[in-house]
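> Here it is: the structure, laid out below.
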Amino acid sequence: MSGSVSREKLFEIVGQGLAGCCLSWQLGWKHKGFRAFDDGLPWASSRVAGGLVNPVTGRNFEPSWRIAEFLPESIRFFERVEAELGRKFWHPLPVLRLVGEKDWSKVASKLEQEKVAIWVDRVDESLDDWRAGVWLQGGGRLDVKGFCDATAERFRGQDPDGEVGESVNCGGATDLIAGKLGEHRCAKGEILTIRWSGKGDRIVVGGGGWLVPLGGGLFKAGSTYEWDQLDGGPTLAGRIRVEEMLERLGVQDFEVVAHEAGVRPIVRRSKPLIGRTPAGEVVFNGLGSKGSLYAPGAARRLAEWLTEGKEIDETLDVGKWLAGKA
């Protein structure tokens, strides 16, 4: 980054998961001084996330919230970071959504809707064991851990002189479980990294699970949802459930390389929240399972509010959310 760092009061970023790392870049590009801290919890979702971006999701086969706005910005953001660091983090990939007979009528009814059709490349009705496969464009995988580690390294040792003027808490699930944003919907997810000889040129979603290629014959597979036991530890029961997902996806003869668990920071269906709480704390949280999609755009909006006083979109404003107005 070129240019001198402003000698204004510093920002403090507490948490260097996906939220805190994206905010670090957005403030850095504005030449604002900041200090960043992280507690290094191994079960933080950014350490284990598959980084999946799937344009049309769920049993209702609906586009992700405001994806047409956030996805292009997210891709531009990661491409800019890649150019500065000389590393690859964002990997565009088609998404193959497998649909069974039970869900086909609902999915088929959505295919001609404009908001869905723009993401559909083609439909394949000749697949074994599935009613159809819908090929979606615009998907991909973010190497979340690689991005967060590289960001921490990029800004490591940055300790500019000056007084901290504003602290931004990016504490993820830890803060939500502690009740800092009221009622939460955090969910533990268990993920397997496997070695398999199958095709690594697409993301596969179906049967309650997903399979994301990492390259070199490695894949991430998941993921479970556990709403009560939020300790972050992998379990035998979780591994069995993910292996059952793999079986439904037709994945056989694989080797388990790693078994990890993380806790998703969810407040309201993976929609981020930024800004100041009624208690006066500035936060960036609630990315849920869609941080790769929303973190860059939400971080930019937060940085503009912090540095320029630009009003936060009310649908993202944590203060209005907590007041029941968003």
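> Go through region 202-217 and give me each residue that's part of a strand (DSSP E or B) and farther than 11 Å from residue 246 by Cα.
Taking region 202-217 first, the residues part of a strand (DSSP E or B) are 203-206, 209-215.
Residues satisfying the conditions are 203, 212, 213, 214, 215.
> Now for a separate question. From 68, 173, which residue is closer than 20 Å to residue 220 by Cβ and out of contact with any Phe, Trp or Tyr (no Cβ under 6 Å at 6 or more places or on another chain)?
Numbers: 68 fails: closer than 20 Å to residue 220 by Cβ.
Exactly one residue qualifies, and that residue is 173.
> Within the bounds of region 223-246, is there any residue that is among the aliphatic types (A, V, I, L, M) and over 17 Å from residue 190 (Cβ atoms)?
Our first condition is that a residue be among the aliphatic types (A, V, I, L, M); within region 223-246, this holds for 230, 236-237, 240, 242, 245-246.
After this cut, where a residue has to be over 17 Å from residue 190 (Cβ atoms) as well, the list is none.
Checked region 223-246: no residue is among the aliphatic types (A, V, I, L, M) and over 17 Å from residue 190 (Cβ atoms).
Conditions tested, residue by residue: (1) among the hydrophobic types (A, V, I, L, M, F, W, C); (2) part of a strand (DSSP E or B); (3) more than 29 Å from residue 22 (Cβ to Cβ).
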residue	(1), (2), (3)
109	no, no, yes
121	no, yes, no
127	yes, no, yes
134	yes, yes, yes
151	no, no, no
154	no, no, no
167	no, yes, no
176	yes, no, no
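> Ok, one more. Can you tell me how many residues in region 29-80 are among the hydrophobic types (A, V, I, L, M, F, W, C), more than 29 Å from residue 192 (Cα to Cα) and either in contact with a strand residue (DSSP E or B) (Cβ under 7 Å, 6 or more places away or on another chain) or surrounded by 21 or more Cβ atoms within 10 Å (Cβ to Cβ) (or both)?
Step one: filter region 29-80 for residues among the hydrophobic types (A, V, I, L, M, F, W, C), giving 29, 34, 36-37, 41, 43-44, 48-49, 52-53, 56, 61, 65, 67-68, 70-71, 75, 77-78.
Imposing the further condition that a residue be more than 29 Å from residue 192 (Cα to Cα) reduces the set to 29, 34, 36, 68.
Those left that are additionally either in contact with a strand residue (DSSP E or B) (Cβ under 7 Å, 6 or more places away or on another chain) or surrounded by 21 or more Cβ atoms within 10 Å (Cβ to Cβ) (or both): 34, 36.
Qualifying residue count, region 29-80: 2.
> Does region 76-88 include one or more residues that are at pLDDT below 95 and charged (D, E, K, R)? Before you say what the answer is, go through the steps one by one.
Pass one, region 76-88, residues at pLDDT below 95: none.
The answer is no; no qualifying residue exists.
> Can you pull out every residue in region 42-87 that is on the phi > 0 side of the Ramachandran plot and of a type in the set (A, V, I, L, M)? Step through it out loud before you land on a result.
Narrowing region 42-87 to residues on the phi > 0 side of the Ramachandran plot: 51, 58, 61, 66, 86.
Residues satisfying the conditions do not exist here.
> Here is a follow-up. What residue, among those in region 263-278 that are in a strand (DSSP E or B) and either touching a Gly at 6+ places or on another chain (Cβ under 6 Å) or open to solvent by 10 Å² or more (accessible area, probe 1.4 Å) (or both), is nearest to residue 188 (Cα to Cα)?
Narrowing region 263-278 to residues in a strand (DSSP E or B): 263-264, 273-276.
Filter once more, keeping what is either touching a Gly at 6+ places or on another chain (Cβ under 6 Å) or open to solvent by 10 Å² or more (accessible area, probe 1.4 Å) (or both): 263-264, 273, 275-276.
Details: 263: 4, 264: 6, 273: 20, 275: 26, 276: 27 Å.
Of everything passing the filter in region 263-278, 263 is nearest to residue 188 (Cα to Cα).
> Can you tell me which residue in region 279-326 is surrounded by the fewest Cβ atoms within 10 Å (Cβ to Cβ), limited to those that are over 21 Å from residue 187 (Cα atoms) and basic (Lys, Arg)?
325
> Report the residue count in region 170-192 for those that are of a type outside the set (D, E, K, R), closer than 17 Å to residue 49 by Cα and either open to solvent by 30 Å² or more (accessible area, probe 1.4 Å) or in contact with a Leu (Cβ under 6 Å, 6 or more places away or on another chain) (or both). Can you show your working first?
Initially, region 170-192 is screened for residues of a type outside the set (D, E, K, R), giving 170-174, 176-179, 181-182, 184, 186-187, 189, 191-192.
From what is left, the residues that are closer than 17 Å to residue 49 by Cα are 170-174, 186-187, 189, 191-192.
After this cut, where a residue has to be either open to solvent by 30 Å² or more (accessible area, probe 1.4 Å) or in contact with a Leu (Cβ under 6 Å, 6 or more places away or on another chain) (or both) as well, the list is 174, 186.
The qualifying residues number 2.
> Among the residues of region 82-137, write down those that are open to solvent by less than 80 Å² (accessible area, probe 1.4 Å) and hydroxyl-bearing (Ser, Thr, Tyr).
The one that is open to solvent by less than 80 Å² (accessible area, probe 1.4 Å) and hydroxyl-bearing (Ser, Thr, Tyr): 109.
> Find the residue count for region 11-34, including only residues that are under 21 Å from residue 285 (Cβ atoms) and touching a Pro at 6+ places or on another chain (Cβ under 6 Å).
1
> Okay, moving on. If we keep just the residues of region 218-253 that are within 24 Å of residue 267 (Cα to Cα), acidic (Asp, Glu) and part of a loop (DSSP other than H, G, I, E, B), which is most open to solvent (accessible area, probe 1.4 Å)?
My answer is 228.
> Continuing with the same structure: Within region 138-149, can you find the residues that are assigned to a loop (DSSP other than H, G, I, E, B) and open to solvent by 20 Å² or more (accessible area, probe 1.4 Å)? Let's see the steps before the verdict.
Narrowing region 138-149 to residues assigned to a loop (DSSP other than H, G, I, E, B): 138-139, 143.
138, 143, listed by residue number.
> With respect to residue 305, determine if the residue is more than 20 Å from the chain's Cα centre (by Cα), at pLDDT below 95 and on the phi < 0 side of the Ramachandran plot. Even if it seems obvious, please write down each step before you answer.
Values: more than 20 Å from the chain's Cα centre (by Cα): yes; at pLDDT below 95: no; on the phi < 0 side of the Ramachandran plot: yes.
When the stated conditions are applied, residue 305 does not pass them.
> Now for a separate question. Quick one: residue 224 ticks every box in (1) more than 16 Å from the chain's Cα centre (by Cα); (2) closer than 29 Å to residue 60 by Cβ bar one, so which box is it?
Of (1) more than 16 Å from the chain's Cα centre (by Cα); (2) closer than 29 Å to residue 60 by Cβ, only one is false for residue 224: (1).
> Further question on the same structure: Restricting to region 178-200, name every residue that is in a loop (DSSP other than H, G, I, E, B) and either at pLDDT 95 or above or among the hydroxyl-bearing types (Ser, Thr, Tyr) (or both). I'd like the intermediate steps shown before the answer.
The initial filter retains those residues of region 178-200 that are in a loop (DSSP other than H, G, I, E, B), namely 178-186, 196-200.
Correct list: 196, 197.
> Testing residue 208 on (1) surrounded by fewer than 21 Cβ atoms within 10 Å (Cβ to Cβ); (2) of a type outside the set (A, V, I, L, M, F, W, C); (3) within 20 Å of residue 47 (Cβ to Cβ), one condition comes back false. Which one is that?
(3)
The values are calculated or read from the model by the stated rules, or taken from the named source; none is laboratory data. These numbers were taken from a predicted model, which means no experiment stands behind them. All Cβ positions, even for glycine, are placed from backbone atoms using ideal geometry, and neighbour counts span all protein chains on display. Calculation scope for accessible area: heavy atoms of the full protein, side chains included, ligands and nucleic acids excluded. Shrake-Rupley method; radii C 1.70, N 1.55, O 1.52, S 1.80 Å.
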